[in-house]
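Report on the structure given below.
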Amino acid sequence: MTDTWTIARVLQWTTGYFEEKDFDTARLDAELLISDALNLDRVSLYVRHHQPLQPEELSEIRERVRRRAANEPVAYITGTRGFWEIDVGVDHRVLVPRPETEHLVERALANIPEGESKRVVDVGCGSGCIALSIAKARPQCDVMGIDISTDALSVARGNAERLSLPGVSWSEGDLLEGQTEPFDLILSNPPYIASAEIEQLMVDVRAFEPRLALDGGADGLDVYRRLVPQAYSRLNEDGLLIVEIGHDQGEAVSALFGAAGFSEVSVLKDYAGLDRVVSGRAAGA
C-alpha cells in the first residue's frame with residue numbers, strides 16, 4: 001500500500017478505528033474531527049478525497065483521534081456544537097448541548113409570536129444555547145441566562161459575543177433566587193439524572209461533562225422541586241414554565257407543576273416517543 005495518506009485514506013482508517021472502539025457514530029466522529037483538523041467542511045472531505053495530507057496535517061488529525069480514543073466528547077475536541085440554528089462554543093466547563101433540548105426551544109418559540117416582545121429567562125443556562133437560540137429567533141425579546149457556575153457563564157458570554165447577540169443579559173445565581181422582576185417565559189434544562197445512575201452513563205459523559213449539570217439528586221427531581229414553585233411566583237399571569245425532563249419523569253414533574261398551581265400542564269414527547277418536555281401556565285399567579 002502506498003505511504004501517501006490522502007483524505008479518503010485517513011477517513012477510512014479513522015472510521016475503522018472508531019468502529020473497533022464501538023463508537024456509535026464512528027463515521028460522523030471521524031468526519032467532524034478530520035474536517036476540524038483541516039479547516040474544511042464535511043462535504044469538502046469527499047470533494048477533495050484524493051488530496052495528499054502534509055505531515056503537519058496528519059499530526060493535527062492524530063491528536064484529535066487520540067483524544068477521541070480516550071472517550072473525550074467530539075464537541076470538546078472541536079470546541080463547537082451545532083444547536084437549533086446556531087453553533088455554540090463548548091468545553092469541559094459546560095454540558096454538550098443535545099438534540100433533545102431543541103424540543104424545549106421549539107415549544108418556547110411556539111409561544112412567542114414573531115414581533116411580540118417577551119421577557120424570557122433560561123435557568124441553568126450552561127453554554128447559553130437555549131437563551132441564544134431564543135434571542136436569535138426572536139430578537140425583540142428581553143432574554144436572560146442564569147447559572148450558578150461562573151465558568152459556565154464565561155462560556156455563555158463568549159458565545160453571545162461570537163454570535164453577535166450582545167443583548168442577552170447574564171446573571172450568576174442559584175435558580176431564580178434574587179430575581180424580583182416577573183418573566184413571561186421561564187425555560188430550563190436542569191440536571192435530572194439520579195445520582196446513582198451517573199456512573200452508568202457513557203464514559204464520555206460521566207468522565208468529561210460537569211457533574212453539576214447532570215446530577216439531579218437521589219431521584220433526579222431535586223432541582224424541579226425547587227424550581228417549579230419558584231417559577232410560579234416569578235411568572236406574569238399566563239406566563240409559561242417549560243422544562244426538559246428525563247424520559248421517565250413526565251408524570252412526576254407534571255405532578256410538581258400541578259401542586260405548584262400551574263394549569264394547562266402538558267408533556268411533549270421527543271422523536272423517539274419518550275417524554276422530553278413539560279410545560280405549564282401560571283394563570284392567576
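The values are calculated or read from the model by the stated rules, or taken from the named source; none is laboratory data. For clarity, every value in this text was computed on a predicted model and none was experimentally measured. Positions of Cβ are backbone-derived with ideal geometry, glycine not excepted, and every protein chain shown enters the neighbour counts.
A few comments on the model shown:
- Selection within the range 124-172 - hydroxyl-bearing (S, T, Y) and under 13 Å from F83 (Cα atoms): S127, S133
- Single residue of the range 184-199 satisfying the filter (of a type in the set (D, E, K, R) and surrounded by fewer than 16 Cβ atoms within 10 Å (Cβ to Cβ)) that is nearest to A260 (Cα to Cα): E197
- Tallying residues that are of a type outside the set (S, T, N, Q), closer than 14 Å to I134 by Cα and exposed (fewer than 15 other Cβ atoms within 10 Å of the Cβ) within the range 148-167 yields 2.
- Qualifying residue in the range 192-209 (condition: in contact (Cβ under 8 Å) with a residue 60 or more places away in the chain, touching an Asp or Glu at 6+ places or on another chain (Cβ under 8 Å) and either outside the structural domain of I148 (by TED's automatic domain parsing) or more than 21 Å from Q249 (Cα to Cα) (or both)): yes
- Criterion violated by M202 - all others in (1) surrounded by fewer than 17 Cβ atoms within 10 Å (Cβ to Cβ); (2) more than 18 Å from the chain's Cα centre (by Cα); (3) modelled with pLDDT under 95 satisfied: (2)
- Filter result (over 22 Å from the mean Cα position of the chain (by Cα) and modelled with pLDDT of 95 or more) within the range 238-260: G239, E251, A252, S254, A255, L256, F257, G258, A259, A260
- Inclusion of T14 among residues that are part of a loop (DSSP other than H, G, I, E, B), among the polar types (S, T, N, Q) and more than 22 Å from G126 (Cβ to Cβ) is not warranted.
- Residues (modelled with pLDDT under 95 and in a helix (DSSP H, G or I)) located in the range 209-232: R211, L212, A213
- Selection within the range 29-51 - surrounded by 12 or more Cβ atoms within 10 Å (Cβ to Cβ) and not in a helix (DSSP H, G or I): L40, R48, H49, Q51
- Residues of the range 112-149 that are among the hydroxyl-bearing types (S, T, Y) and either in contact with a strand residue (DSSP E or B) (Cβ under 7 Å, 6 or more places away or on another chain) or over 18 Å from G173 (Cβ atoms) (or both): S117, S127, S133.
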